[in-house]
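The values are calculated or read from the model by the stated rules, or taken from the named source; none is laboratory data. Computed from a prediction, not measured in an experiment: that's the story for all the values here. Using ideal geometry, Cβ is built from the backbone for each residue, glycine included, and neighbour counts are taken over all protein chains shown. When the accessible area is computed, the model is the full protein with side chains, heavy atoms only, and any ligands, DNA or RNA have been set aside. Shrake-Rupley method; radii C 1.70, N 1.55, O 1.52, S 1.80 Å.
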Amino acid sequence: MQNYEESVSFLTSWGPFQRKIFVVLCLACVPCGYNILSVIFLLASPPHHCDIPAHSNLSQEWIHASIPVKVSGQLTRSSCSRYELDLVRNLSTMGASPNWMQNQSVQQGSRPEVLSNLRQEGCKDGWTYSTEYFQSTVVTEFDLVCSEQWKQPLTSLVYFLGGLSGCFVSGQISDRFGRKPVLFGSIAILSIFSSAVAFAPSWPVFTVLFFMLGLGQIACYIVAFVLGSEILVGSSRVIFCSLGQPFAYAFSMMLLPGTAYLVRSWRHLSLTMALPGLACIPLWWLVPESPRWLLSHGRLPEAELLLRSAALENQVEAPTVIFLPPKAERAGSQKAESVSFLDLLKTANIRRVTMKLWLIWFSMSVCYFGLSFSMSTLYGNPFLNYFLLTAVELPAFFASWLAARSFPRRLSFISFSLLGALALLFIQVTMHSHPDLTMFLVLLGKFGVLAGNGLVYTYTGELFPTVIRNTAMSSCAMFSRVGSSVSPYLLEMAEFNELLPWIIVGVLSLLSIFLCIFLPETFRQPLPDTIEQMPVTQWFAWPWASKAALKRKFTKKQSTSLELICTTRL
């Protein structure tokens, strides 16, 4: 297996077969990208205040005056309290008006706030929600505000915990039973539970169904990524991993804000989210199993049959023997190797790589979703804000693809992440004085975070071997889901200091930069197929250190095959 890419070089790197795989796997990513921002739109919390019942017989002037006004940077109506309705009703019956009482209080030198000395009470009759942007959301239908507000971040947490569980389970199932069944199983979960969520009669039922929806979201993306990186080789693999799949994911993310703008009811929006998964059903007959995975499990005839079919599509002649018997025997022996989660910690070398990548993925996920949730604190149309926040992913992934083609992985990741971290840290200077500049810094920060994130996917896939690649990718995605689970609570920190969420995401970007320095370089190296072929991890190396120097340093630890530089231009 160590010469797999050389053995399949007869296919060329960009024929009809590769183009078909490229397109269908990009399309298979649409359902997971379309669903990722659902947590923001389904759980949107529009402005609200206590409801004043119609039977109170109050004029519009008194109804408006019955809600206390708070001063916190700007005048805002209280969301969770009102003046005692019986007292307000008595004042109205006596013929007093709010404006007259305010004028009287000013003339007497007392506080000018009308009714400010009256006792207040909670929203005993429910709430009135703004319908400027949303007709209904889960928050407005189940009244997840005020004393029940803790349920909002908890619901987001449950969704991301579903993603964490999906990553843990799907990675091991995929490495044991194949990439293709898990890919389409994840898409099926997205469609089924998107539809089921729309009929949830209560918040507890919605939360359980939302967990199941999260179960298939990131698993779909990870399995499609691994499948594409194993079927494609050379330049086509780099284009798919760094540009094709991320672009498809970003385009599908951009569709949801537009859909939410047109479909303002959360139940109808949930039903709409099931459609991309249903449209992917015909792709089952176009997506093959990974030949690398088949070979790693000793299924040599199936792998050769798949590659010969690909040769017919590309109109090239396959060699009489694609894999020599000794290599096939070694590949078959890999079936005896365990591919469990614990194998990621089995040796010192793979353990060092795994733990660093876990922390990097955690940090990057907190930054990514922290930016998304913190956008609700900025001014402007939420649909436009989130559209811009997803649209900036296109140039970010294009930049990461250019970097993946021509520059070392570590140096590229450090450069992008540093740009994002500095932009996010500067937000504390411009937050109040320059809202347009603040939005620009947010988008610049998202650009840096996303470009770095795109490289991390490629980098991680190149570091881990075929026998455990999907488990490794899924474990990293699992830690990514831990980070996304924490991110909804960043908004709670804004209660202490509104700049704190932006500072945290900036610092975490710096942490991921520091950890990346200690990872080995994989630029223009062949993909490892066994754990023994993994590049040796050094405790410290500058990102600009030459590969020749690193090779000399570890020549006694690495096999000769790993010292060969891949001649294919990535």
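Considering only residues of the range 401-424 that are modelled with pLDDT of 85 or more and polar (S, T, N, Q), which is nearest to PRO535 (Cα to Cα)?
By that ranking, first place goes to SER412.
Is it true that SER174 is assigned to a helix (DSSP H, G or I), of a type in the set (Gly, Ala, Ser), open to solvent by less than 10 Å² (accessible area, probe 1.4 Å) and in contact with a Ser or Thr (Cβ under 8 Å, 6 or more places away or on another chain)?
Criteria met by SER174.
Among the numbered conditions (1) part of a helix (DSSP H, G or I); (2) at pLDDT below 80; (3) touching a Leu at 6+ places or on another chain (Cβ under 6 Å), tell me where ARG524 comes up short.
Tallying (1) part of a helix (DSSP H, G or I); (2) at pLDDT below 80; (3) touching a Leu at 6+ places or on another chain (Cβ under 6 Å), ARG524 fails exactly one: (1).
Scan (1) surrounded by fewer than 24 Cβ atoms within 10 Å (Cβ to Cβ); (2) more than 20 Å from the chain's Cα centre (by Cα) for the single condition PHE479 breaks and write down its number.
Every condition holds for PHE479 apart from (2).
Hey, can you tell me all the residues within the range 79-119 that are at pLDDT 65 or above, open to solvent by 30 Å² or more (accessible area, probe 1.4 Å) and within 19 Å of ASN57 (Cα to Cα)? Write out each step before concluding.
Of the residues in the range 79-119, the ones at pLDDT 65 or above are 79-98, 116-119.
Adding the requirement that they be open to solvent by 30 Å² or more (accessible area, probe 1.4 Å) leaves 79-80, 84, 86-87, 89-95, 97, 116-119.
Of everything in the range 79-119, those that are at pLDDT 65 or above, open to solvent by 30 Å² or more (accessible area, probe 1.4 Å) and within 19 Å of ASN57 (Cα to Cα) turn out to be GLU84, ASP86, LEU87, ARG89, ASN90, LEU91, SER92, THR93, MET94, GLY95, SER97.
Please tell me if PHE184 is closer than 22 Å to SER38 by Cα, open to solvent by 10 Å² or more (accessible area, probe 1.4 Å) and part of a helix (DSSP H, G or I).
On the way: closer than 22 Å to SER38 by Cα: yes; open to solvent by 10 Å² or more (accessible area, probe 1.4 Å): yes; part of a helix (DSSP H, G or I): yes.
Taking the combined requirement at face value, the residue satisfies it.
For the range 213-299, which helices (runs of 4 or more DSSP H) that fit wholly inside it have 3 or more residues that are more than 21 Å from PHE160 (Cα to Cα) and out of contact with any Gly (no Cβ under 6 Å at 6 or more places or on another chain)?
Working: elements: 234-239, 245-262, 266-272, 275-279, 291-296.
Because the criterion is at least 3 residues that are more than 21 Å from PHE160 (Cα to Cα) and out of contact with any Gly (no Cβ under 6 Å at 6 or more places or on another chain), the helices (runs of 4 or more DSSP H) in the range 213-299 that meet it are 234-239, 245-262, 275-279, 291-296.
Filter the range 126-156 down to the residues that are surrounded by 15 or more Cβ atoms within 10 Å (Cβ to Cβ) and of a type in the set (Asp, Glu), then identify the one that is farthest from VAL486 (Cα to Cα).
GLU141
Output the qualifying pairs, or none if there are none: Cβ atoms under 6 angstrom, residues six or more apart or on different chains, first residue in the range 335-350 and modelled with pLDDT under 80, second residue not in a helix (DSSP H, G or I).
That search, which allows pairs on different chains as well, returns LYS335/HIS297; LYS335/GLY298.
Output the residues belonging to the range 307-323 that are open to solvent by 30 Å² or more (accessible area, probe 1.4 Å) and assigned to a helix (DSSP H, G or I).
Initial filter on the range 307-323 (open to solvent by 30 Å² or more (accessible area, probe 1.4 Å)): 308-309, 312-313, 315-317, 319-321.
Across the range 307-323, the qualifying residues are ARG308, SER309, LEU312, GLU313.
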